[in-house]
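Some notes on the structure that comes next.
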Amino acid sequence: MDGGKNILQIKTCFITGINGQDGSYLAEFLLSKGYNVHGIIRRSSVFNTERIDHIFDRLNLHYGDMTDSSNLNRLLKTIQPDEIYHLAAQSHVKVSFEVPEYTADVDALGTLRLLDAIRDTELDTRFYQASTSELFGGMTKELMNEQTPFHPRSPYACAKLYGYWITVNYREAYNIFACNGILFNHESPRRGKRFVTRKICRAIANIERNLQDKLYLGNLNAMRDWGYAPEFVECMWRLLQQKKPGDYVIATGELHSVREFVEEAFSHVDRNIEWRGKGLSEKGVDAGTGRVLVEVNSKYLRPTETEILWGDASKARKELGWKPKVKFKSLVKIMMDAELC
């Protein structure tokens, strides 16, 4: 108390992966809440802060890497964050088959290093682990919730499974306030260019500008629960404001295929796509001109496919008071408008 008035405590947070899609939106959100925002970025020979350049002067950025435990320990001792949001990862599923050891080192052991730094420094903080719907592996066609069995089907998902369980273990073993957010697919104009939704939207914009002939994709039948990233990062924050730590599925409950996403995205440039052929020979054709605009290429297929990821966020709705507002068609419009502007 000071002069009979409460002193407003400014919270400090630490975000790994702050220059990624989720990290940039989360940084914006926490700044709007009055947080002192710190983040870790990897040293690169090229600029890698494009997503956070507009708030760069309001952030406290530190060089580091999830493979360097001494660096993580030093940063936590220096920053003393009230909340830690662990978003850094090698997060591309297809790429994880090509670099499985690196993916495990960053995604699995990186999470362990950060949790152990909390334990080692005896830091009184709250920890959020960015988990993923890929844990489920699409082994059921039913809605997936916190009780659905895991069956990871990629090196990325296997590494994230370790991250999930080591978060639970450190919560139970060391009484750390540690939560898992099992986020289903969430997109935005800041999505990485190699991810399928952004790839589709960029390709269509390039086709309209005569910079690209057609779009090449893998599994058109894969079905996903796609949400809007800015809404999902708010839920990350809500997880850490609860009285007790827990694990939550975050999803929209809507299910759509890659094929549907392609059709909806093309509709924003007034093109109606008709599908001809089957399997690797299937093509998406402009119904008006007969021009082939989409082809299937086997190099974009995964060794093991995850066909359906469909989330039930009932627990988050009830306990966190969170509900997604942006629906599928609105999401595609937001992404297409950004590419076409």
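The values are calculated or read from the model by the stated rules, or taken from the named source; none is laboratory data. For clarity, every value in this text was computed on a predicted model and none was experimentally measured. Note: ideal-geometry Cβ built from the backbone for every residue, glycine included; neighbour counts use all protein chains shown.
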Considering each of 78, 16, 103 in turn, give the residue that is in contact with a Gly (Cβ under 8 Å, 6 or more places away or on another chain) and hydroxyl-bearing (Ser, Thr, Tyr).
16
For residue 299, all conditions in the list (1) closer than 20 Å to residue 154 by Cβ; (2) within 21 Å of the chain's Cα centre (by Cα) hold save one; what is the number of the exception?
(2)
Of everything in region 169-195 that's of a type in the set (A, V, I, L, M) and touching a strand residue (DSSP E or B) at 6+ places or on another chain (Cβ under 7 Å), which residue is nearest to residue 267 (Cα to Cα)?
183
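Listed here are the residues, each with its yes/no results for (1) at pLDDT 95 or above; (2) of a type in the set (S, T, N, Q); (3) closer than 24 Å to residue 21 by Cα.
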| site | (1), (2), (3) |
| --- | --- |
| 238 | yes, no, yes |
| 247 | yes, no, yes |
| 259 | yes, no, yes |
| 277 | yes, no, no |
| 304 | no, yes, no |
| 315 | yes, no, no |
| 332 | yes, no, yes |
| 336 | yes, no, yes |
Where residue 109 falls short, out of the listed (1) out of contact with any helix residue (DSSP H, G or I) (no Cβ under 7 Å at 6 or more places or on another chain); (2) within 26 Å of residue 12 (Cα to Cα); (3) not in a helix (DSSP H, G or I)
(3)
Which numbered condition residue 49 misses (of (1) among the β-branched types (Val, Ile, Thr); (2) within 23 Å of residue 180 (Cβ to Cβ); (3) surrounded by fewer than 20 Cβ atoms within 10 Å (Cβ to Cβ)):
(2)
Look at region 171-217 and say how many of its residues are assigned to a loop (DSSP other than H, G, I, E, B), under 21 Å from residue 128 (Cα atoms) and of a type outside the set (S, T, N, Q).
3
Return the pairs, sorted by first residue and then second, in which the second residue is in a loop (DSSP other than H, G, I, E, B), the first residue lies in region 30-50 and is of a type in the set (Lys, Arg), the beta carbons are less than 7 Å apart, and the residues are 6+ apart or on different chains.
42/65
Quick check on region 201-224: of everything there that is farther than 21 Å from residue 188 by Cα and over 25 Å from the mean Cα position of the chain (by Cα), which residue is surrounded by the fewest Cβ atoms within 10 Å (Cβ to Cβ)?
210
Search result, residues across region 67-106 that are small (Gly, Ala, Ser) and outside any loop (DSSP other than H, G, I, E, B):
69, 70, 96, 104
Considering residues of region 96-120 that are more than 17 Å from the chain's Cα centre (by Cα) and among the charged types (D, E, K, R) only, the residue surrounded by the most Cβ atoms within 10 Å (Cβ to Cβ)
113
Of (1) under 30 Å from residue 282 (Cα atoms); (2) assigned to a helix (DSSP H, G or I); (3) touching a residue at least 12 places away in the same chain (Cβ under 8 Å), residue 168 satisfies every one except (1)
Residue 141, sole failed condition from (1) in a loop (DSSP other than H, G, I, E, B); (2) over 30 Å from residue 297 (Cα atoms); (3) of a type in the set (Lys, Arg):
(2)
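Condition check ((1) more than 23 Å from residue 206 (Cβ to Cβ); (2) within 20 Å of the chain's Cα centre (by Cα); (3) of a type in the set (Phe, Trp, Tyr)) across all residues:
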{"residue": "271", "(1), (2), (3)": "no, no, no"}
{"residue": "281", "(1), (2), (3)": "yes, no, no"}
{"residue": "284", "(1), (2), (3)": "no, no, no"}
{"residue": "316", "(1), (2), (3)": "yes, yes, no"}
Is it the case that region 62-85 has a residue that's surrounded by 14 or more Cβ atoms within 10 Å (Cβ to Cβ), in contact (Cβ under 8 Å) with a residue 24 or more places away in the chain, farther than 19 Å from residue 152 by Cβ and of a type in the set (Phe, Trp, Tyr)?
yes
Subset of region 280-320 (residues that are touching a Ser or Thr at 6+ places or on another chain (Cβ under 9 Å) and on the phi > 0 side of the Ramachandran plot)
none
